[in-house]
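Q: Handing you this structure, nothing more for now.
The values are calculated or read from the model by the stated rules, or taken from the named source; none is laboratory data. Predicted model only: the values in this text are computed from it and were never measured. So basically every Cβ, Gly included, is an ideal-geometry build from the backbone, and we count neighbours across all protein chains shown.
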Amino acid sequence: MSLFGTNTAFGSGGTGVFGSTTTDSHNPMKDVEVTSPPDDSISCLAFSPPTMPGNFLIGGSWANDVRCWEVQDNGQTVPKAQQMHTGPVLDVCWSDDGSKVFTASCDKTAKMWDLNSNQTIQIAQHEGPIRTIHWIKAPNYSCVMTGSWDKTLKFWDTRSPNPMMSLQMPERCYCADVVYPMAVVATAERGLIVYQLENQPSEFRRIESPLKHQHRCVAIFKDKQSKPTGFALGSIEGRVAIHYINPPNPAKDNFTFKCHRSNGTNTATPQDIYAVNAISFHPVHGTLATVGSDGRFSFWDKDARTKLKTSEQLDQPITACCFNSNGNIFAYASSYDWSKGHEYYNPQKKNYIFLRNAAEELKPRNKKW
Amino acid sequence: MGRKKKKQMKPWCWYCNRDFDDEKILIQHQKAKHFKCHICHKKLYTGPGLAIHCMQVHKETIDGVPNAIPGRTDIELEIYGMEGIPEKDMEERRRVLEQKTQENQKKKQQDDSDEDDDDEEAGPSFQQPATTVQPQAAYAPMTQPGMAPVPAPGMPHGSYSGMPPMMPGVPPMMPGMPPVMPGMPPGMMPMSGMMPPTHGMPPMMPGMPPGIPPPMGHHPGIPHMAQAPPATARPAVPATTVSTPQPSVSKPLFPSAGQVQQAASGVAVSSTAPPSAAPKPTFPAYTQSSATAPTNTSSTVAKPGTPVTSKPATLTTTSATSKLIHPDEDISLEELRAQLPRYQCKIPSAGQAHVTSPPVAPMGGVLPPQQGIPAQQPGVRHPMQGPYGAPPQGVPGYVPGGMPPYGQAPPMVPPYQAAPPRPAIGMRPPVMSPGGRY
């Protein structure tokens, strides 16, 4: 079934299970393929929050569309709805109650998509493409936070065309994450700013980057009491930094690790270093997943400082990933991320979203020390 | 906890046999006493590092490690903290310590006031007088088989910093390791973070006990995780070439070829970047490349008129041993991609000079390009002039390639090339007369 009007190469039926696929490098992990994937690179994925029953996946793409699938318990994926922007969609997020989806696009606008009515309205306007969008639910306010390449971070009450607040950033927003009451934004030129969101958003601290290369993705992690306590920052140089906001011993607690690199021990050929495209933390275990331009995903335990798993290599970079609300499903998107420039872009190549069972593989290692 | 790490004893300096509470203090001691250049007082990180520094910077050779006891002056041995200490010296040390503790115990039983014998280890080596008692007390349990009493009580730092040196980056990381750990020869240390690109490593490898190979299977993953504490104390070493690290920015170590060569261990250098750490010398190539921060292409997003060049993916960082798979520009992949005409937004907005429909297919039609073209080409009355004009009429300013003025060449070529054969061309020239030479 395909509710998506445009040419979906994939439209037949809702079956997502492809266990019998031969060793096709497009899905070496033999994970479930989401039906009717977008026609261009997938830029972002987001699962519905726990407040909603069931699992709904939202994916934004460079084909200017945002698609919604229902992921059923048997693994089947059912396309549900689609909305369009007039430019590539760079980020999506859900409201806390699961009734709305917010989408951010290169067309400098952000929209609120009411899933029940399947209507969208514009809720934000920037002077440059909007790169990140997050929903903030505070005890005394709720708003949408948008980060843009126009170097501003704006906060929007969805009912008003003017932002509630606009904060100037030193550089273009490249990635952000929000876990109330903390927000982290990583910008161009390796900028890194932490905001605190209590009462109203304000800049908390500018942090000297723990990484030496362009920032690409960031994800906040929580401590045992489910309070945000730090973040993982990924760069284009195959490296992730784990950084705590107020660690007892920064020199010891903060660290970086290398990832998404090729031939680690074979020195006959130069090592290829790939960008880390996205980082997601497992909502239950606190372990993290990274996906890279090398077409692999890896799971890590940051407390035991160990790698849990690395996947086989897909034939395309993995551009986005996310966990569902209970951590049972890991979704990752296989599409071209421009890491080798314009020449390697093949508009005919199919883009995929895969779903993997994440319940077991992300369990933390037992700490030995 | 309770893993038998720490080489079963408190950190001690191989060069002068002094004892320390903490490996960090040991390392500070080594840097200040043994790895300090006598000419410029620069503190290096290892003996070989010091030798290289003196040679390169001062053109002077040194014979041995300064302030070392006879027999321990080998400048070529790569020792850092507790890492790199030859096995036989470790054993010798252990024996000596055991003897001492036995003597202590005997003495205590006989005479509880005589502590002279302990001065060798306790006296000069403790920087904190208050702790002098500890080692003695700690040594008593040393005679017991378990290591646990020593590292565990009240020494979280010690045990932690002791961990990484144990195995090639393994201790915190190898779930299967604990049974193997105690068996690890101390010579295994050098793995995490000690890796100068050159020597130091090869000697380590052969020493891997047979018990290691199975767990080694984990290694491809292990080396990727670095740890802060050992790393703070353990910058990579080619200090001579990297003597100007930026002060407040810590540098993650770069997996140099030499380091990666440590075949089975896959010992990626522990890369750490605790923001507050002291500057670390890094692999020379990495340092050089990291110093290049190309900013000339910044804010290219604001320049839609720039011809989008289909330039091959170039590399921001290149070294003999690695390359970054990323276009060599200071903008993000999304910004780069968003510049392309096919991703320009459908509805023209104030700042948008390129307004074309993203898919190339509709370009075959004559009309759609009209929207964008007039804005880009001053003096052109008819958008069709360009494509048609180029080949047949040679209108000035339009090269057959026709692309640069448009700034959107690649996707537009096919439809335009299809245009000339059309019969409509024959009718065009009269229409195009205003600006042309007709």
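Q: Is it fair to say A:Gln214 is touching a residue at least 40 places away in the same chain (Cβ under 8 Å), among the polar types (S, T, N, Q) and surrounded by fewer than 17 Cβ atoms within 10 Å (Cβ to Cβ)? Step through it out loud before you land on a result.
A: Working: touching a residue at least 40 places away in the same chain (Cβ under 8 Å): yes; among the polar types (S, T, N, Q): yes; surrounded by fewer than 17 Cβ atoms within 10 Å (Cβ to Cβ): no.
Criteria not met by A:Gln214.
Q: Counting only residues that are among the small types (Gly, Ala, Ser) and under 23 Å from A:Val218 (Cα atoms), how many does the stretch A:64-97 have? Can you show your working first?
A: Step one: filter the stretch A:64-97 for residues among the small types (Gly, Ala, Ser), giving A:75, A:81, A:87, A:95.
Those left that are additionally under 23 Å from A:Val218 (Cα atoms): A:95.
Residues flagged as among the small types (Gly, Ala, Ser) and under 23 Å from A:Val218 (Cα atoms) within the stretch A:64-97 amount to 1.
Q: OK, next. If you go through the stretch A:111-127, how many residues are under 17 Å from A:Ala46 (Cα atoms) and out of contact with any Lys or Arg (no Cβ under 9 Å at 6 or more places or on another chain)? Spell out the reasoning first.
A: So the first thing to find is which residues in the stretch A:111-127 are under 17 Å from A:Ala46 (Cα atoms), and the list is A:111-115.
Filter once more, keeping what is out of contact with any Lys or Arg (no Cβ under 9 Å at 6 or more places or on another chain): A:111.
The qualifying residues number 1.
Q: At least 2 residues that are acidic (Asp, Glu) and either under 22 Å from A:Thr132 (Cα atoms) or away from chain B (no Cβ under 12 Å) (or both) in each: list the strands (runs of 3 or more DSSP E) lying fully within the stretch A:216-319 that qualify.
A: On the way: elements: A:228-235, A:239-244, A:255-258, A:271-273, A:276-281, A:288-292, A:297-301, A:306-310.
Here the list is empty.
Q: So, one more: Inside the stretch A:177-209, can you point out the residues that are within 19 Å of the chain's Cα centre (by Cα) and acidic (Asp, Glu)?
A: Once the filter is applied, which keeps residues that are within 19 Å of the chain's Cα centre (by Cα) and acidic (Asp, Glu), the stretch A:177-209 yields only A:Asp177.
Q: Of all residues in the stretch B:58-104, how many are out of contact with any Asp or Glu (no Cβ under 7 Å at 6 or more places or on another chain), part of a helix (DSSP H, G or I) and buried (at least 16 other Cβ atoms within 10 Å of the Cβ)?
A: So the count comes out to 5.
Q: OK, next. Just one of A:Tyr174, A:Tyr180, A:Tyr195, A:Tyr141 is aromatic (Phe, Trp, Tyr), at the interface with another protein chain (Cβ under 10 Å from one of its Cβ atoms) and more than 22 Å from A:Cys68 (Cβ to Cβ); which is it?
A: Going through A:Tyr174, A:Tyr180, A:Tyr195, A:Tyr141 in turn, just one is aromatic (Phe, Trp, Tyr), at the interface with another protein chain (Cβ under 10 Å from one of its Cβ atoms) and more than 22 Å from A:Cys68 (Cβ to Cβ): A:Tyr174.
Q: Same structure, new question: For the stretch B:19-48, enumerate the residues that are of a type in the set (A, V, I, L, M) and either surrounded by 17 or more Cβ atoms within 10 Å (Cβ to Cβ) or more than 26 Å from the chain's Cα centre (by Cα) (or both).
A: We begin by selecting, within the stretch B:19-48, every residue of a type in the set (A, V, I, L, M); these are B:25-27, B:32, B:39, B:44.
Matches in the stretch B:19-48: B:Ile25, B:Leu26, B:Ile27, B:Ile39, B:Leu44.
Q: Given the stretch A:124-187, what strands (runs of 3 or more DSSP E) lie entirely inside it while holding 2 or more residues that are not aliphatic (A, V, I, L, M)? Let's see the steps before the verdict.
A: Working: elements: A:130-137, A:142-148, A:152-156, A:165-168, A:173-179, A:182-187.
Correct list: A:130-137, A:142-148, A:152-156, A:165-168, A:173-179.
Q: Please work out if A:Leu192 is in contact (Cβ under 8 Å) with a residue 24 or more places away in the chain and in a strand (DSSP E or B). If you could, list the steps in order and put the result at the bottom.
A: On the way: in contact (Cβ under 8 Å) with a residue 24 or more places away in the chain: yes; in a strand (DSSP E or B): yes.
In short, yes.
Q: Do we find that B:Pro358 is within 29 Å of A:Ala278 (Cβ to Cβ) and modelled with pLDDT under 50 in this structure? Even if it seems obvious, please write down each step before you answer.
A: Numbers: within 29 Å of A:Ala278 (Cβ to Cβ): yes; modelled with pLDDT under 50: yes.
Answer is yes for this residue.
Q: Moving to a separate point now. Select from the stretch A:346-363 the residues that are surrounded by fewer than 18 Cβ atoms within 10 Å (Cβ to Cβ) and not basic (Lys, Arg) and list them in ascending order. Full working, then the answer.
A: We begin by selecting, within the stretch A:346-363, every residue surrounded by fewer than 18 Cβ atoms within 10 Å (Cβ to Cβ); these are A:346-350, A:357, A:359-361, A:363.
A:Asn346, A:Pro347, A:Gln348, A:Asn357, A:Ala359, A:Glu360, A:Glu361 - these are the residues of the stretch A:346-363 that are surrounded by fewer than 18 Cβ atoms within 10 Å (Cβ to Cβ) and not basic (Lys, Arg).
Q: Residues that are of a type in the set (A, V, I, L, M, F, W, C), closer than 16 Å to A:Glu237 by Cβ and modelled with pLDDT of 95 or more: does the stretch A:317-331 have at least one? Steps first, answer last, please.
A: Here is the first cut: in the stretch A:317-331, the residues of a type in the set (A, V, I, L, M, F, W, C) are A:318, A:320-323, A:329-331.
Remaining after also requiring closer than 16 Å to A:Glu237 by Cβ: none.
No: zero hits.
Q: Looking for whichever is more than 9 Å from chain B (Cβ to nearest Cβ), farther than 11 Å from A:His282 by Cα and not aromatic (Phe, Trp, Tyr) here; the options are A:Leu362, A:Leu355. Which one fits?
A: Of A:Leu362, A:Leu355, the one residue that is more than 9 Å from chain B (Cβ to nearest Cβ), farther than 11 Å from A:His282 by Cα and not aromatic (Phe, Trp, Tyr) is A:Leu355.
Q: For the stretch A:288-304, enumerate the residues that are surrounded by fewer than 24 Cβ atoms within 10 Å (Cβ to Cβ) and polar (S, T, N, Q).
A: A:Ser298
Q: Let me ask something else. Report whether or not B:Ala51 is surrounded by 14 or more Cβ atoms within 10 Å (Cβ to Cβ), out of contact with any Gly (no Cβ under 6 Å at 6 or more places or on another chain), hydrophobic (A, V, I, L, M, F, W, C) and closer than 20 Å to B:Lys10 by Cα.
A: Details: surrounded by 14 or more Cβ atoms within 10 Å (Cβ to Cβ): yes; out of contact with any Gly (no Cβ under 6 Å at 6 or more places or on another chain): yes; hydrophobic (A, V, I, L, M, F, W, C): yes; closer than 20 Å to B:Lys10 by Cα: no.
So B:Ala51 fails the test.
Q: Applying the selection to the stretch B:20-57, what residues are part of a loop (DSSP other than H, G, I, E, B) and among the polar types (S, T, N, Q)?
A: Applying the first criterion (part of a loop (DSSP other than H, G, I, E, B)) to the stretch B:20-57 yields B:20-22, B:35, B:37-42, B:44-46.
Residue satisfying the conditions is B:Thr46 alone.
Q: Let me ask another. Of all the strands (runs of 3 or more DSSP E) wholly in the stretch A:66-107, which have at least 1 residues that are crowded, with 20+ Cβ neighbours inside 10 Å and within 14 Å of chain B (Cβ to nearest Cβ)?
A: On the way: elements: A:77-84, A:89-94, A:100-105.
Fully inside the stretch A:66-107 and qualifying: A:89-94, A:100-105.
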